[in-house]
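Just below is one structure, and these are the notes that go with it.
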Amino acid sequence: MAKVGILGAMSSEIALLKERMSDRRETERAGRTFYEGKISGADVVLVCCGVGKVNSALTCQMLIDWFGVDTVINIGVAGSGGEAKVRDIVVSTDALYHDLHGITPEDDILADSYPFVSSFAADPKLVQLAAEACRKQGVQVYTGRIATGDQFVGSKAQKDDIVARTHPMAVEMEGGSIAHTCAINGVPFVIIRSISDNADDGAEMSFETFEVLAANDAAEIVTTMLQNL
Ligand code: SAH
């Protein structure tokens, strides 16, 4: 049976799933609390990894090495890359970094050196399961690329630049590094993000308003997915 690692960057993103866990055990390691138990009959390890690429990558590797997870789901909120509106959900087809490049922004350093790919593909079966769970929840779902970087995208100029270079459906701060970690370990993953803001000049205000609502949708969707894994 699958053992599913679930990461959220912020405590609000994992709080609802934590309440739904049965047989819950806690382990503290590297400043994180890992919750092991069951949701919808599936074995899960749930953790709040913190914001950003380093926090998320190292926590994902810990889930794989210490807790032996064989499937990874990343939930949370994100800014829209364009089409998706606030409260819609974006399910990753692939994820990449918008802030890791060589001398010029077009210089794709990850493609030219280890691990020799520009983006990391999500598991098609998990993508399909996530999209079906979104439809069951009655939310508008988009499948597409996630662009990740160590910055909150909160101005039109910043967003326009990222969109022109990487064509994402959503921008956030952890998905790419979780995808990277999973890819080099051969672990299937999917990223599921509720759109909390438009990643433009009004982003900070709409982020505060929709953070909780968006996190709630993501928790419902993961619960449905786990029933069908
Ligand atoms: N309220 C928090 C903000 C955290 S940063 C604080 O001030 O401490 C935003 C988080 O939400 C990250 O985990 C990121 O993945 C996601 N996110 C939502 N909207 C985003 C945006 N417009 N740009 C980048 N990340 C965004």
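The values are calculated or read from the model by the stated rules, or taken from the named source; none is laboratory data. Note that the structure is predicted; figures quoted are calculated from it, not measured. Here the Cβ is made from the backbone with ideal geometry for all residues, glycine too, and neighbour counts use every protein chain on show. SASA here: full protein model, heavy atoms, side chains in, ligands and nucleic acids out. Shrake-Rupley method; radii C 1.70, N 1.55, O 1.52, S 1.80 Å.
For residue 3 and residue 201, the FRET efficiency from 1/(1 + (r/R0)^6), where r spans their Cβ atoms and R0 equals 35 Å, is about 0.25. Packing order of peptides 90-99, 40-49, highest average first: 90-99, 40-49 (average count of other Cβ atoms within 10 Å over each peptide's residues). For the chain, the mean residue ellipticity at 222 nm estimated from helices alone is -12000 deg cm²/dmol, where every DSSP H run of n ≥ 4 contributes -39500 (n - 2.57) and the total is divided by all residues, rounded to the nearest 500. With viscosity 1.002 mPa s and temperature 20 °C, the Kirkwood radius over alpha carbon pairs of the chain converts through Stokes-Einstein to a diffusion coefficient of 125 µm²/s.
Solvent-accessible area of the stretch 80-171 (1.4 angstrom probe, protein heavy atoms only): carbon and sulfur portion equals 54 percent. The local environment of residue 202, defined by Cβ-Cβ distances under 12 Å, has a net charge of -3 under the rule Lys, Arg +1 and Asp, Glu -1. Extending 7 Å from the Cα toward the beta-carbon at both residue 11 and residue 213 defines two label points whose distance is 2.4 nm. A simple charge model with +1 on the Cβ of Lys and Arg, -1 on the Cβ of Asp and Glu and nothing else charged puts the dipole of the chain at about 740 debye relative to its Cα centre. Looking at the chain as a GNM with Cα springs under 10 Å, which of 75, 89, 184 has the largest mean-square fluctuation? Evaluated over the chain, the most mobile residue of the options is 184.
With both bridge residues required to lie in the chain, what share of the DSSP beta bridges run antiparallel, to the nearest 5%? Antiparallel: roughly 40 percent of the beta bridges in the chain.
For a modelled paramagnetic label at residue 185, 7 Å from Cα along Cα-to-Cβ, the residues of the stretch 59-83 in reach, with backbone nitrogen under 15 Å, are 59-75.
Each residue of the stretch 153-169 is assigned a 3J(HN,Hα), and the resulting list reads 8, x, 9, 4, 5, 4, 5, 4, 5, 5, 5, 5, 7, 10, 6, x, 8 Hz, derived from the Karplus form 6.51 cos²θ - 1.76 cosθ + 1.60 (θ = phi - 60°), x at Gly and Pro. 3J(HN,Hα) couplings calculated from phi for the stretch 103-110 with the Karplus curve 6.51 cos²θ - 1.76 cosθ + 1.60 (θ = phi - 60°) are, in sequence order, 4, 10, x, 7, 7, 8, 5, 6 Hz; Gly and Pro show x.
Using the 1.4 Å probe convention, the accessible area of the chain works out to 42 Å² per residue with neighbouring protein chains retained. The longest stretch of the chain left intact once loop-based trypsin sites (Lys or Arg not before Pro) with at most 16 other Cβ atoms within 10 Å are removed from consideration, loops following DSSP, is 88-229. The GNM of the chain, with springs linking C-alpha atoms under 10 angstrom apart, assigns the highest mean-square fluctuation among 34, 116, 152 to 116. Relative to the current alpha-carbon distance between residue 83 and residue 54, full extension at 0.36 nm per residue lengthens the span by 7.6 nm. Using the Cβ-Cβ distance between residue 70 and residue 151 with R0 set to 41 Å, the FRET efficiency works out to roughly 0.80.
The accessible area of residue 107, taken with all protein chains in place and a 1.4 Å probe, comes to roughly 50 Å².
A crude spin-label estimate for the pair residue 99 and residue 117, with each label 7 Å from Cα along the Cβ direction, gives 2.3 nm. Of the residues 162, 103, 191, the one that moves most in a GNM of the chain with alpha-carbon contacts below 10 Å is 103.
Does the stretch 93-224 come out rounded, prolate or oblate by the C-alpha gyration tensor, with a ≥ b ≥ c the root eigenvalues, rounded set by a/c under 1.5 and, if not, prolate when a/b is larger than b/c and oblate if not?
Taking the square roots of the gyration eigenvalues as a ≥ b ≥ c, the stretch 93-224 is oblate.
Mean projected area of the Cα convex hull of the stretch 1-72, taken over all directions, amounts to 4.3 nm².
The aspartates and glutamates whose alpha-carbon is closer than 18 Å to the alpha-carbon of residue 136, local same-chain residues fewer than 8 away aside, are 88, 217, 220.
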